[in-house]
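The values are calculated or read from the model by the stated rules, or taken from the named source; none is laboratory data. In this text the structure is predicted, and so the values were computed from the model without any measurement. Ideal geometry is used to build each Cβ from the backbone, glycine not excepted, and the neighbour counts take in all protein chains shown.
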Amino acid sequence: MKALFYLLDGDSNASSYHRVLQYIPLLREYGIEARVSRPVPRVVYERLVERGGAGGGGNGRADSRLIGKLAFYGLFALCRTLDVQRAHNADVVVIQRDLFPFGPPVLERALFRRNLHLVYDTDDATYLRPSFTPTTPFQRLRRFDKVAEVVRHARWVSVATEPIAAWAREYNQHVSVVPMAVDLRVYDAFARGRGLSSIAGLHGTQAHRGSAAHSGGTAEHRGSSGLAGGAAGPTSGPGQGGGAAGHDESGAEHPRGLEQGGAAGHGFSGAASDYSARLVLGWAGTAGGIGYLDRLRPALLAVAGREHVVVRVVSGGYRRVQLPGVPLEAGPWRGLQDLADFDIGLLPLDDSPFERAKFPFKLLQYWALGIPVVSARVGVAAEVIEDGISGLLASSAEEWQAALCRLIGDPALRKRLGEAGRETVASRYTIERVGPLLAEGLLAAAR
């Protein structure tokens, strides 16, 4: 069986990798040959988005960035149109988040006509405009209402959380919750560096394989139009949920060296000696999520006044981080090691419909690394975390301060919460456990 996935962003994007690309080897074992339609060829994406030409994070002038965006989206529209024309060659087609981010559902309707075996997949409430969406001319062209039309036409809808599923069931009864998941084997090496044992093989995480497990299908590689098969390595970071085509234009990570200096002490590679002995309170996310940290500043300021800590930020928007009075290190995503050095993971969220529905993927990454977490008492995060067992929950600035000071002063509690988090991931959120849900849904949609 052939499945064609239409990605909204490139391979380095967290949604692209953790909703599609990491599952390609597993899908092959179910007899599913996965092909991928990227927004543009990889080399173009790297040049225009990951290096800042279209994502808004580059150092060039505004007119250069505008030209870069126009070039990117123009090529995106062309490549996507060509790939939609080929949809009839697949047994099932999958729209991951959005087929094209702007304008009316012209391409979506063309896809409906060429292949009725449609699947829609999302890890966010893509039908809502997030509060952090920039008010740029491009983003004003976003049509969030067209998601409902796609969901109505789908044979199957795969979503990351129950709140998103509840919305989708208003338009389609064939909806399944397929949560976010990680490959624990990738995280184990970093977790062992934190003094934790490997648990990738525990809890029966080896997936059950169907009768098609050894069908021998291979992914197809095509470079010119953006159609290709195969997955990139597991290098995507939690700060890469945005990207030029996603909700947050400036969320793409930039693989350049860390910068140091400045009033905030930017740069966590070779940080100043007075920071080296401090406990690290870490946050990772897209540039659009930096506002969460801004609103957490009163609690962080109070904690910094009492405890020997430093706040470390990993984000494509690291240059925009401003936490006056708080010891701060900031830099772009380079790899899991950036997270593995966190002593406590921060998960602040606004209490809004979008955030209440989203799956807290950073939480899974913190947990997979054995990092204890303090999270906002919001939405799915508050449901997934057992307060005092696998993490601590907080609402007000006072609760955040109390939770952080409690963890800072109790190394045994930090260890216990971190281990409980890893156990939670191993039992519920591994690719071996979640992958079969995706494979079975695709097979059903193709019938």
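Residues in region 399-430 that are charged (D, E, K, R) and within 18 Å of LEU293 (Cβ to Cβ): GLU399 alone. Might you check whether a residue that is of a type in the set (Val, Ile, Thr), crowded, with 18+ Cβ neighbours inside 10 Å and closer than 15 Å to GLY288 by Cβ occurs anywhere in region 118-128? Scanning region 118-128 turns up at least one residue that is of a type in the set (Val, Ile, Thr), crowded, with 18+ Cβ neighbours inside 10 Å and closer than 15 Å to GLY288 by Cβ. Reported count of residues in region 430-442, each being in contact with a Phe, Trp or Tyr (Cβ under 9 Å, 6 or more places away or on another chain) and more than 18 Å from VAL151 (Cα to Cα), is 6.
Going through ASP338, ASP350 one at a time, which residue ends up being closer than 26 Å to TRP167 by Cβ and either among the acidic types (Asp, Glu) or in a helix (DSSP H, G or I) (or both)? Answer to the check: ASP350.
Residue-level check: of (1) among the acidic types (Asp, Glu); (2) farther than 26 Å from ALA277 by Cα; (3) more than 26 Å from the chain's Cα centre (by Cα), ASP410 misses just (2). Annotation: of all residues in region 348-380 being within 21 Å of ARG19 (Cβ to Cβ) and among the aliphatic types (A, V, I, L, M), the one that is surrounded by the most Cβ atoms within 10 Å (Cβ to Cβ) is ALA368.
Whether a residue is out of contact with any Asp or Glu (no Cβ under 6 Å at 6 or more places or on another chain), surrounded by 20 or more Cβ atoms within 10 Å (Cβ to Cβ) and at pLDDT 75 or above was assessed, and TYR171 does not pass this test. Please determine whether any residue of region 313-322 is touching a residue at least 24 places away in the same chain (Cβ under 8 Å), buried (at least 21 other Cβ atoms within 10 Å of the Cβ), part of a loop (DSSP other than H, G, I, E, B) and among the aromatic types (Phe, Trp, Tyr). No; the residues of region 313-322 include none that is touching a residue at least 24 places away in the same chain (Cβ under 8 Å), buried (at least 21 other Cβ atoms within 10 Å of the Cβ), part of a loop (DSSP other than H, G, I, E, B) and among the aromatic types (Phe, Trp, Tyr). For region 8-62, the tally of residues that are over 23 Å from ARG433 (Cβ atoms), assigned to a loop (DSSP other than H, G, I, E, B) and modelled with pLDDT of 90 or more stands at 6. Residue by residue through region 306-317, note down the ones that are of a type outside the set (A, V, I, L, M, F, W, C), modelled with pLDDT of 90 or more and under 23 Å from ASP9 (Cα atoms). If the condition is that a residue be of a type outside the set (A, V, I, L, M, F, W, C), modelled with pLDDT of 90 or more and under 23 Å from ASP9 (Cα atoms), then SER315 is the only one that fits.
Can you tell me which residue within region 177-196, out of those that are of a type outside the set (A, V, I, L, M), under 14 Å from ALA340 (Cα atoms) and in a loop (DSSP other than H, G, I, E, B), is modelled with the highest pLDDT? Among residues in region 177-196 that are of a type outside the set (A, V, I, L, M), under 14 Å from ALA340 (Cα atoms) and in a loop (DSSP other than H, G, I, E, B), the one modelled with the highest pLDDT is ARG194.
Please go through region 389-429 and pick out each residue that is part of a helix (DSSP H, G or I) and charged (D, E, K, R).
Filtering region 389-429 for residues part of a helix (DSSP H, G or I) gives 397-408, 411-428.
Scanning region 389-429 gives GLU398, GLU399, ARG406, ARG414, LYS415, ARG416, GLU419, ARG422, GLU423, ARG428.
Scanning region 414-437 for residues that are among the acidic types (Asp, Glu) and buried (at least 19 other Cβ atoms within 10 Å of the Cβ) yields a total of 1. Filter region 372-388 down to residues that are part of a loop (DSSP other than H, G, I, E, B) and either closer than 16 Å to ILE344 by Cβ or touching a residue at least 40 places away in the same chain (Cβ under 8 Å) (or both), then give me how many there are. So the answer is 3. If the condition is being under 13 Å from VAL321 (Cα atoms) and modelled with pLDDT of 95 or more, then region 285-305 contributes LEU296, ARG297.
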